[in-house]
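To start, the structure under review is shown below, and the notes come after it.
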Amino acid sequence: MVSCVSKQNAIVLYWDLPEAYKKGDAFEVSIGEKSLGKTEKCHLEAKGLAPDTEYTFTLTGKDFKEEITAKTEPLRRRINIADFGAVGDGKTLNTKAIQAAIDSSKAGECVYIPEGDFMTGSLFLHSDMELYLEKGAILHGTANVHDYEPKIKSRFEGIEMMCYAALINVGELDRNSITCQNVRICGEGRVCGGGRPLAEEVIRVETILMKDYIASLGDSVKECETSTTIQGRVRPRLINLNSAENVTVYGITIENGASWNFHMIYSKNVVTCGCTFKSDGVWNGDGWDPDSSSNCTIFGCQFYTGDDAVAIKSGKNPEGNVINRPCEHIRVFDCISYYGHGITVGSEMSGGINDIKIWNCDMGDSVFGIEIKATKKRGGFVRNVSVRNTRTCRVLMHSVGYNDDGIGAPTVPVFEDCSFEDLHITARLKGMDGENRECQAIELSGFDVPGHFIKNIKFKNILIDSGESKRQAIYLQCCEGISFENVSCK
């Protein structure tokens, strides 16, 4: 199936990896008799097109051909934030000016961020608009916690709570309805957060505000990872979608949020492409996190993250079990991680995770590679995860003991019906210190409860780098129905 992201002068076509795909197979995109190029990736950009014009493309691969008709974006009326008094000097606080530009824009119009360093606090987008960052433009979040007030209803690590507003907010949290739709955030500029200084300031302020509450929790605080875990959960995200639909983000650099950089909650039909994600020294500095959301796609992106590149979530016990809203139909392809933790499913997965497809990715230079994880308390399930044609440092499916506070679910989680095909596993993790260390190539360590073992997992066409030590590369515990076909070591 071929889909597209439309721009004014270009269209990015993207498609699923065919079931019959073999490594080295190429795809060709053409308009009429004119070829636009061949690629082994699953996306290609057709450039130099006219605005507001319809084109018919043909995608040709081995043993298949498919057509798609797509239309470029019309020229939008631009609302320049400079006309509202915004100053890009890296010092002036521009929150009111930029928000005024956003509020003045009408359906189908574009709020334009010109070249410059525009300091700001929280901004709130509305339906049917575009936010465009010119090359050299920086939408720069401050490190002042008060610039992200008042707090808004949000969700962090699977628990709904009042959090500081994100730098860019789309929609309001609602479990039952969509509150914002048809939004584009694009260009060649940067969305840059307050990073570690902001994270530390939030924790400092919240430690004072939560003093009595933390004391009331008694010894249960010891279940948390650190003494400031609870205070840190209210940190602002960088880009936060709450109950949003039809959101496209492309071309920009997304960097140094105070926690997760791009978080979508109860949202659907979100496409992210051609972006660069960076986070430096931030605890929970994930790149792209779909949370109880559906039909979310990311491709052609680069990650330099201090935590997960991609983290797929669906809530935490006990609240996540009650809300019971899965994260499903997620696509991750043509992405590369230069450092970070890799692609993760969980550990917050109490609402269930289903139909995750990952292909053509390179997670070889990461800490965990491809990881599926949960604690015994979570409940819920992870099903139908498919990873194909990917390089990774390792494959992990395991029970973990951290992030384990909260009341347990009535049942233990289920991990089942997953497949891994055409993988190159380096069996060397790249630590955050840059050093490479040998590790298990495949580790499946399930829950030690009958009926909740990891089950029905298939490995096919797997190449493992055995390393200098030639030690055991595959570890299985509490598993059933695990199959290996054509697994080799070098």
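One table, with the values for the structure above:
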read-out	value
Every pair of residues 6+ apart whose Cβ atoms lie under 9 Å, when the first sits in segment 145-170 and is more than 19 Å from Glu201 (Cβ to Cβ) while the second is of a type in the set (Phe, Trp, Tyr) and open to solvent by 10 Å² or more (accessible area, probe 1.4 Å)	Ile168/Phe124; Asn169/Phe124; Val170/Phe124
Among the residues listed as Cys296, Cys301, Cys327, the single one being open to solvent by less than 10 Å² (accessible area, probe 1.4 Å), farther than 30 Å from Ile138 by Cα and among the hydrophobic types (A, V, I, L, M, F, W, C)	Cys327
Any chance Ile208 is outside any strand (DSSP E or B), open to solvent by 50 Å² or more (accessible area, probe 1.4 Å), of a type in the set (A, V, I, L, M) and at pLDDT 90 or above	yes
Flag for Val183 being open to solvent by less than 20 Å² (accessible area, probe 1.4 Å) and farther than 21 Å from Leu133 by Cα	no
Selection count where residues are closer than 23 Å to Asn144 by Cβ and open to solvent by 60 Å² or more (accessible area, probe 1.4 Å), scope segment 161-176	1
Val271 without any contact (Cβ under 8 Å) to a residue 12 or more places away in the chain and surrounded by fewer than 23 Cβ atoms within 10 Å (Cβ to Cβ)	no
Complete set of residues in segment 1-56 that are at pLDDT below 95 and among the acidic types (Asp, Glu)	Glu19, Asp25, Glu33
Any hit, segment 111-126, residues being surrounded by fewer than 16 Cβ atoms within 10 Å (Cβ to Cβ), over 17 Å from Gly251 (Cα atoms) and either polar (S, T, N, Q) or at pLDDT 95 or above (or both)	no
Pairs where the first residue, in segment 224-252, is of a type in the set (D, E, K, R) and modelled with pLDDT of 95 or more and the second is in a strand (DSSP E or B) and open to solvent by 20 Å² or more (accessible area, probe 1.4 Å), C-beta under 8 Å, 6+ apart	Glu245/Gln181; Glu245/Asn182; Glu245/Lys268; Glu245/Asn269
Every residue from segment 217-267 that is open to solvent by less than 10 Å² (accessible area, probe 1.4 Å), β-branched (Val, Ile, Thr) and closer than 18 Å to Arg204 by Cβ	Thr229, Val234
Top-ranked residue of segment 72-94 - restricted to ones that are open to solvent by 30 Å² or more (accessible area, probe 1.4 Å) and polar (S, T, N, Q), ranked as farthest from the chain's Cα centre (by Cα)	Thr92
Output for segment 123-159, where each listed residue is under 21 Å from the mean Cα position of the chain (by Cα) and aromatic (Phe, Trp, Tyr)	Phe124, Tyr132, Phe156
Search result, residues across segment 125-140 that are outside any loop (DSSP other than H, G, I, E, B) and of a type in the set (Gly, Ala, Ser)	Ala137
In segment 241-285, the residues that are small (Gly, Ala, Ser), in contact with a Cys (Cβ under 8 Å, 6 or more places away or on another chain) and within 19 Å of Gly189 (Cα to Cα)	Gly251, Gly274
Considering residues of segment 355-381 that are assigned to a loop (DSSP other than H, G, I, E, B) and in contact with a His (Cβ under 8 Å, 6 or more places away or on another chain) only, the residue nearest to Cys418 (Cα to Cα)	Phe368
Count of residues meeting criterion [more than 27 Å from Lys41 (Cβ to Cβ) and open to solvent by 20 Å² or more (accessible area, probe 1.4 Å)] in segment 379-399	5
Condition check for Gly281: open to solvent by less than 10 Å² (accessible area, probe 1.4 Å), touching a helix residue (DSSP H, G or I) at 6+ places or on another chain (Cβ under 9 Å), in a loop (DSSP other than H, G, I, E, B) and not hydrophobic (A, V, I, L, M, F, W, C)	no
Given (1) within 18 Å of Thr248 (Cβ to Cβ); (2) without any contact (Cβ under 8 Å) to a residue 60 or more places away in the chain; (3) of a type in the set (D, E, K, R), index of the condition Lys91 fails	(1)
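The values are calculated or read from the model by the stated rules, or taken from the named source; none is laboratory data. Being a predicted model, the structure only gives us computed values, none of them experimental. A quick note on method: Cβ atoms are made from the backbone with ideal geometry, for glycine too, and the neighbour counts reach across all protein chains shown. For accessibility, only protein heavy atoms count, side chains too; no ligands or nucleic acids. Shrake-Rupley method; radii C 1.70, N 1.55, O 1.52, S 1.80 Å.
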